[in-house]
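Working notes for the structure below.
The values are calculated or read from the model by the stated rules, or taken from the named source; none is laboratory data. Computed from a predicted model, the values in this text were never measured in an experiment. When we count neighbours, we look across all protein chains shown, and the Cβ atoms used for this are built from the backbone with ideal geometry, even at glycine. Accessible surface areas use protein heavy atoms only, side chains included; no ligands, DNA or RNA. Shrake-Rupley method; radii C 1.70, N 1.55, O 1.52, S 1.80 Å.
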Amino acid sequence: MSFVTHLECSWTGARQAAGALATVSAAGKPLWVRYDLEAVGRAMARTDLAARPLDLWRWRELLPLPAGVEPVSLGESATPLLPLSVLGGELGLGELLVKDEGRLPTGSFKARGLAVAVTMARAFGIEAMAIPTNGNAGAALAAYCARAGIAAHCFCPAATPRANLEEIALLGASLEVIDGRIDDCGARVAEGERAGRWFNCATLREPYRIEGKKTMGLELAEQLSWTLPDAIFYPTGGGTGLIGMWKAFEELEALGWIGAKRPRMYAIQSTGCAPLVRAFERGVELAERWPAAATIAHGICVPRALGDFLILRAVRGSGGAALAVSDDAIVAAWRAAASREGMLLCPEGAATLAALRLARERGLVAEGERVVLFNCATHAKYTLPWAAQESANGRSRGGSRAARSPD
Ligand SMILES: *Cc1c(COP(=O)(O)O)cnc(C)c1O
């Protein structure tokens, strides 16, 4: 059975029924899915989890699926929490952990949100879905829609990594590349939504992606034996994951499965696209659009986020911060994690490591603390321009050595 009681506007608190297809609230803001947590607590104990498969659906009582609805699944296994002991030691931390989300279906944590959103869309009889995407969300939508027999339409900015465009096309989605940023793509999706062509599942435009993403927080708490780290560094675009984890912690505390202690939440952006950092620093509740956004960390190239106030509330409420790092710092961190820890991060994941360094320098993170970074996608979808260049140089050096070797 489902424990959902209602949907709630995240801005006004107004309630609406959960039984029907939902988009945003009457105020145009994201909707929360609310549960009867007392009933969840009566129906299960956290020790019951031990007998369940280590995947996203083990949290069924805290997910919105109606009774009898089977998940649309591609095998959403729990992701490992890996120590970076060399770099953590250098930074003076008690423990530095990476939650490696790159192992999920389609190679990114977008699978968590879209597995749940597509499952719900199928349950409500939706036949076509569309999404504005920097790549990973589109690939996940395309994959789950292919699985569910739903038509998928993806709108990508011209800067989207090639591997993403190829996987979206291979998965049978329609693909349109737009000369603009992700919010320009969002405008196209909204147009088609108004024309009745598809269901819009852009970030926070429907209430269920966040419920899937929230499982990162549930999983993290369980992996850390129902404690939470001192700080979480999260690469933030639309912010679904950060908002979702914050909601997960609230629900876990209401269930009595964790205490009141919360991690400080750090929203990490690139200096090439840092609307939330600017809003954080100015002390305002809503973020202005960031013009001419550009960064190698495509997943966080989001000039404007519908959930800006929710991200900023979680960051401020937790005593965290929004921090921006340059593409150069991202590359340096990317290399350090790879060559010194054997961890191939995605650039967005590398941004969290770069930001952690900055946070240590600024005294935001204290010696001995336990910190969790989020690596949200596989490295394999991104071209590594500097690496290709270096190996080409290496080859030509090797070649000239070989040529010289006879004498
Ligand atoms: C989408 C994405 C992000 C940002 O996630 P949000 O929860 O939407 O802020 C970060 N990194 C990667 C690799 C992504 O694909």
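So what is the relative contact order for the chain, in percent, with contacts set as C-alpha pairs under 8 Å and at least six apart?
17 percent
How far, in degrees from 0 to 90, does helix 240-255 lean away from the longest principal axis of the Cα atoms of the chain, to the nearest 10?
50 degrees
Amide H neighbours of Val325 under 5 Å, at least 5 residues apart or on other chains, H built in the peptide plane: list them.
Under 5 Å from the amide H of Val325: Gln269, Ser270, Thr271.
How far apart, in nm, are two points set 7 Å out from the Cα along the Cα-to-Cβ line at Ala195 and at Ala17?
Here the modelled spin labels are 3.1 nm apart.
If each DSSP helix of 4+ residues adds -39,500 (n - 2.57) and the sum is divided by the residues in the chain, what number results at 222 nm, nearest 500 deg cm²/dmol?
Values: 14 runs with 160 residues, N = 407.
So the calculated ellipticity at 222 nm is -12000 deg cm²/dmol.
Before I look further, what does the range 271-363 give for accessible area per residue, probe 1.4 Å, in whole square angstrom? The partial results should precede the final answer.
Numbers: 3570 Å² over 93 residues.
Using a 1.4 Å probe on heavy atoms only, each residue of the range 271-363 averages 38 Å².
Give the residue list of GluC sites (Glu not before Pro) in the range 256-320 that are DSSP loop and have at most 13 other beta-carbon atoms within 10 angstrom.
Details: sites: Glu281, Glu285, Glu288; in loops: Glu285, Glu288.
Those satisfying the criteria are Glu285, Glu288.
Tell me, rounded to the nearest percent, the portion of alpha carbon pairs in the chain spaced more than 33 Å apart.
Numbers: 24161 of 82621 pairs.
Pairs farther apart than 33 Å: 29 percent.
Between 0 and 90 degrees, rounded to the nearest ten: what's the tilt of helix 136-148 against the longest Cα principal axis of the chain?
Roughly 50 degrees, rounded to the nearest 10.
If I take R0 = 45 Å and measure r between the Cβ atoms of Arg340 and Arg162 in this structure, what FRET efficiency does the formula 1/(1 + (r/R0)^6) give, to the nearest 0.05?
Numbers: r = 29 Å, r/R0 = 0.63.
For Arg340 and Arg162, the calculated efficiency is 0.95.
Grab the Cα-Cα distance for Thr5 and Thr271, subtract it from 0.36 nm times how many residues apart they are, and report the gain in nm with one decimal. Don't jump to the answer; show the numbers that get you there.
On the way: separation 266, 0.36 × 266 = 95.76 nm, distance 4.09 nm.
Fully extending the segment from Thr5 to Thr271 adds 91.7 nm.
Relative to a virtual label point 7 Å from the Cα of Ala67 in the Cα→beta-carbon direction, which members of the range 115-138 show backbone nitrogen distances below 19 Å?
From the range 115-138, the list is 120, 123-124.
Using a 1.4 Å probe and ignoring any ligands, DNA or RNA, find the accessible area of Leu93 and quote it in Å² to the nearest 10.
20 Å²
Let's test the formula: R0 of 25 Å, r as the Cβ-Cβ distance of Ala187 and Glu127. What FRET efficiency results, to the nearest 0.05? Numbers along the way, then the final one.
On the way: r = 23 Å, r/R0 = 0.91.
Calculated value: 0.65.
Compute the distance in nm between two label points, each set 7 Å from the Cα along the Cα-to-Cβ direction, one at Thr47 and one at Arg289.
Simple spin-label model gives 5.6 nm for this pair.
Just how far, in whole angstrom, is the range 176-247 from the range 82-117 if you go by their alpha carbon centroids?
Between the Cα centre of the range 82-117 and that of the range 176-247, the gap is 17 Å.
Can you work out the FRET efficiency for the pair Asp55 and Ala380, with r the C-beta to C-beta distance and R0 = 22 Å, to the nearest 0.05? Walk me through the numbers before you get to the answer.
On the way: r = 22 Å, r/R0 = 1.01.
Once rounded, the FRET efficiency stands at 0.50.
Points 7 angstrom from Cα along the Cβ direction at Ala254 and Ala26: gap in nanometres?
2.2 nm
How do the peptides 159-166, 13-20 rank, highest first, by the average count of neighbouring beta carbon atoms within 10 Å per residue?
Numbers: 159-166: 18.4, 13-20: 12.8.
Highest mean packing first, the order is 159-166, 13-20.
If you count only protein heavy atoms and use a 1.4 Å probe, how large is the accessible surface of Glu367, to the nearest 10 Å²?
150 Å²
How much of the accessible area of the range 207-301, in percent, comes from carbon and sulfur atoms when a 1.4 Å probe is used?
On the range 207-301, the fraction of accessible area on carbon and sulfur atoms equals 52 percent.
Enter the mean projected area of the convex hull around the alpha-carbon atoms of the range 212-316, in nm², rounded to one decimal. If you can, show how the numbers build up before the last one.
Numbers: hull surface 26.7 nm².
Seen from a random direction, the Cα hull of the range 212-316 projects 6.7 nm² on average.
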